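To start, the structure itself, in structure tokens.
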């Protein structure tokens, strides 16, 4: 293997994936059942949603898929906005860290693709990361000819920038597709929504690890039909060629809030291990809820007993009463700041919450 991942890591995760495919549970899930699993104590902002759709214009239909960067004393929030015609584009909004209701909307960063392209209708699910001397923005495209659900997304595109404001697509073709998984060799669906991490290598180089979503099921209103969506990774040296693709998390059949799918895995390092937050789909809520998981190596993940890792469920009668999804976490002055979507995949906007850090 040329990815810099050790043979031991490969064997461990391969074994875990084999068990997962059979039962929906990993070895680590079973091993963690003897100790309590702790999630962050998220405190929702009373002003939520802090970034609702506009009354007109480029994001009147929705504000979805938040991805936050901190630039000085501001948050730069990349998200997908929908216009009156239903086209969705990657947009940017900025706000002072101390006032998350005072957003300046800068509009779309680039347009959807041309007729017949993989991103002809939508550009959604931004993931921004510094690779080399440039910023990379990965996004998921939707064509006009594909089907419903995440299985209708068949390519992830790339735009680059020197200043985080001015972006240019590198190609009219997708940079990453949903194939090359031995478990699903004929799969086409792919979706972003995760995060990229730098994994230092022994020779001083950096290996980039992208977390994203692999939709493999058959769209249906019945969640008990094969709606599988898996949290997966791929590795790259240059941000252009992605290899060494692996499944990390899948649905847990005995956890009714994530017994259909897992998506949008956002991973970060603590002092001694790895933590992540993601969205699960299950029969309890009939849609998304936000969950957490932990790992000793970033490859094999623990979720505790069913119920223990449910972190932010739908609540109340308002903007997040039906679903909570697409979480994105960033450090904020010794705490964690969470951005996430509510009902209708962002049709009610983007909200926020804070929590004390856990190791």
Checklist entry - Which residues does a label at residue 180 reach in the stretch 223-267, if reach means a backbone N under 15 Å from a point 7 Å past the Cα toward the Cβ? => result 232-247
Checklist entry - For the chain, what does -39500 (n - 2.57) per DSSP helix run (n ≥ 4), summed and divided by total residues, give at 222 nm, in deg cm²/dmol to the nearest 500? => result -2000 deg cm²/dmol
Checklist entry - Along the Cα-to-Cβ line of residue 321, 7 Å from the Cα, sits a label point; which residues in the stretch 34-68 have backbone N less than 15 Å from it? => result 49
Item to check | Sorted peptide list for 320-333, 338-351, criterion being average Cβ within 10 angstrom, highest first | outcome: 338-351, 320-333
Checklist entry - Within the stretch 93-121, what residues put their amide N at less than 13 Å from the label point 7 Å along the Cα-to-Cβ vector of residue 333? => result 96-100
Next on the checklist: Run the simple label-point estimate for residue 199 and residue 71 please: 7 Å along Cα→C-beta, distance reported in nm.
Outcome noted: 3.0 nm
Next on the checklist: Just to confirm my numbers, what's the Cα centroid distance between the stretch 30-96 and the stretch 139-217 in Å?
Outcome noted: 19 Å
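Given R₀ = 30 Å, FRET efficiency for residue 133-residue 171 by Cβ-Cβ distance, to 0.05? Mind showing how you got there, number by number?
Details: r = 19 Å, r/R0 = 0.64.
Step by step, r from the Cβ atoms, then E = 0.95.
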Next on the checklist: Cut-off 10 angstrom, C-alpha nodes, Gaussian network model of the chain. Which of 231, 205, 180 fluctuates the most?
Outcome noted: 205
Item to check | Rel. contact order, % - alpha carbon contacts under 8 angstrom, at least six apart, the chain | outcome: 18 percent
Item to check | Option label - P(r) over Cα pairs in 20 Å bins from 0, in percent computed here, alternatives (1) 28, 49, 21, 3; (2) 32, 59, 9, 0; (3) 32, 62, 6 | outcome: (3)
Checklist outcome for this item: The simple spin-label model distance between residue 253 and residue 218, using points 7 Å out along Cα→Cβ, in nm, is 1.8 nm
Checklist entry - Which order results if 101, 94 are arranged by neighbouring Cβ count within 10 Å, fewest first? => result 101, 94
Item to check | Ranked list, fewest to most other Cβ atoms within 10 Å of each Cβ, for 64, 210 | outcome: 210, 64
Checklist entry - Which residue, 88, 275, 284, tops the fluctuation ranking in a GNM of the chain built on C-alpha contacts under 10 Å? => result 284
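Gain in length, residue 357 to residue 60, computed as 0.36 nm per residue apart minus the alpha-carbon separation, to one decimal in nm?
Numbers: separation 297, 0.36 × 297 = 106.92 nm, distance 3.44 nm.
That pair, residue 357 and residue 60, stretches by 103.5 nm at full extension.
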Checklist entry - Sorted from fewest to most neighbouring beta carbons within 10 Å, what does the list 252, 134 look like? => result 134, 252
Next on the checklist: Running a GNM on the chain with Cα contacts under 10 Å, which residue among 200, 49, 215 ends up with the highest mean-square fluctuation?
Outcome noted: 200
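Computed from the coordinates by the stated procedures, all read-outs in this text should not be read as laboratory data. Remember, it's a predicted structure, so these values are computed and weren't measured experimentally. Ideal geometry is used to build each Cβ from the backbone, glycine not excepted, and the neighbour counts take in all protein chains shown.
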